[in-house]
Amino acid sequence: MDWTILARPRENPLTCSINPSTGWAGFSLPIRVYYEDTDVGGVVYYANYLKFMERARTEFLRGHGFDQSVLRSELQRQFVVRSVSMELHRPAYLDDQLQVETAIQHYGRASLLFGQQVMRHTNTESPELLCAAKLKIACVDSQSFRPTAIPPALTVALKREHKP
């Protein structure tokens with residue numbers, strides 16, 4: 001199979017960087033908390049942290065030139081969440097500006113272990129850790145949903161910039 005069809009030119013190349021305020025190495029995605037993300041008390045509903053993290057992993061891959069729709073349609077591969085371990089530390093509120101930080105902690109033949117954390121950034125305080133999670137993401141065949149190898153081009157591109 002020609003794995004090169006997976007790689008797309010990058011508009012904004014990403015690099016593995018260390019957030020000086022948190023010491024976290026990886027990719028960071030800004031998220032604004034909207035009314036739809038909160039409960040009646042204006043607090044982010046816990047399951048929405050998982051949605052924020054999904055967006056960050058998707059943009060992480062897209063920023064490296066790998067579009068998940070191409071993985072599925074042209075290579076019959078897709079990523080699914082295999083397991084999640086999440087700890088909630090503090091609540092996020094309506095209109096908060098958050099950063100979802102994403103880093104790969106382990107590469108497997110057919111899986112990736114991501115560490116992700118959601119931080120609140122304000123102009124007056126140092127960033128606050130709101131939520132931390134480890135997610136095992138499996139690569140599966142899009143027809144059978146059986147585990148299958150991550151495309152080599154993807155592994156090579158990610159390992160070049162993101163060493164666990």
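The values are calculated or read from the model by the stated rules, or taken from the named source; none is laboratory data. Here the structure is a predicted model, which means the values were calculated and not measured. Don't worry about glycine lacking a Cβ; one is built from the backbone with ideal geometry, like all the others, and counts go over all protein chains shown.
Is it fair to say G41 is surrounded by fewer than 20 Cβ atoms within 10 Å (Cβ to Cβ) and either at pLDDT below 90 or among the basic types (K, R) (or both)? Considered against the rule, which asks whether it is surrounded by fewer than 20 Cβ atoms within 10 Å (Cβ to Cβ) and either at pLDDT below 90 or among the basic types (K, R) (or both), G41 comes out as no. Based on what the data block shows, is Q116 closer than 18 Å to F27 by Cβ and touching a residue at least 12 places away in the same chain (Cβ under 8 Å)? The answer is yes for Q116. Among the conditions (1) among the aromatic types (F, W, Y); (2) over 19 Å from A132 (Cα atoms); (3) exposed (fewer than 14 other Cβ atoms within 10 Å of the Cβ), the only one that Y46 does not satisfy is (2). Under the condition of being in contact (Cβ under 8 Å) with a residue 12 or more places away in the chain, more than 15 Å from I137 (Cβ to Cβ) and assigned to a helix (DSSP H, G or I), the residues counted in region 54-72 number 2. Selection within region 71-90: residues that are under 25 Å from R160 (Cα atoms) and more than 17 Å from the chain's Cα centre (by Cα). The member of this set that is surrounded by the most Cβ atoms within 10 Å (Cβ to Cβ) is R77.
I'm trying to understand the selection: among the residues of region 106-120, which are touching a Ser or Thr at 6+ places or on another chain (Cβ under 8 Å) and buried (at least 17 other Cβ atoms within 10 Å of the Cβ)?
Hits for region 106-120 are F114, G115, Q116, Q117, M119.
Taking region 78-105 as the range and being within 30 Å of S144 (Cα to Cα) and of a type in the set (D, E, K, R) as the test, only R82 passes.
Kindly indicate whether Q68 is farther than 15 Å from N48 by Cα and within 16 Å of the chain's Cα centre (by Cα). For Q68, the condition - farther than 15 Å from N48 by Cα and within 16 Å of the chain's Cα centre (by Cα) - is met.
Remark: pairs (first residue in region 95-112, on the phi > 0 side of the Ramachandran plot; second residue surrounded by fewer than 15 Cβ atoms within 10 Å (Cβ to Cβ); Cβ separation under 8 Å; 6+ apart in sequence or on different chains) = D95/R32.
Would region 91-104 turn up any residue that is among the charged types (D, E, K, R) and touching a Pro at 6+ places or on another chain (Cβ under 8 Å)? So far as region 91-104 goes, no, none of its residues is among the charged types (D, E, K, R) and touching a Pro at 6+ places or on another chain (Cβ under 8 Å).
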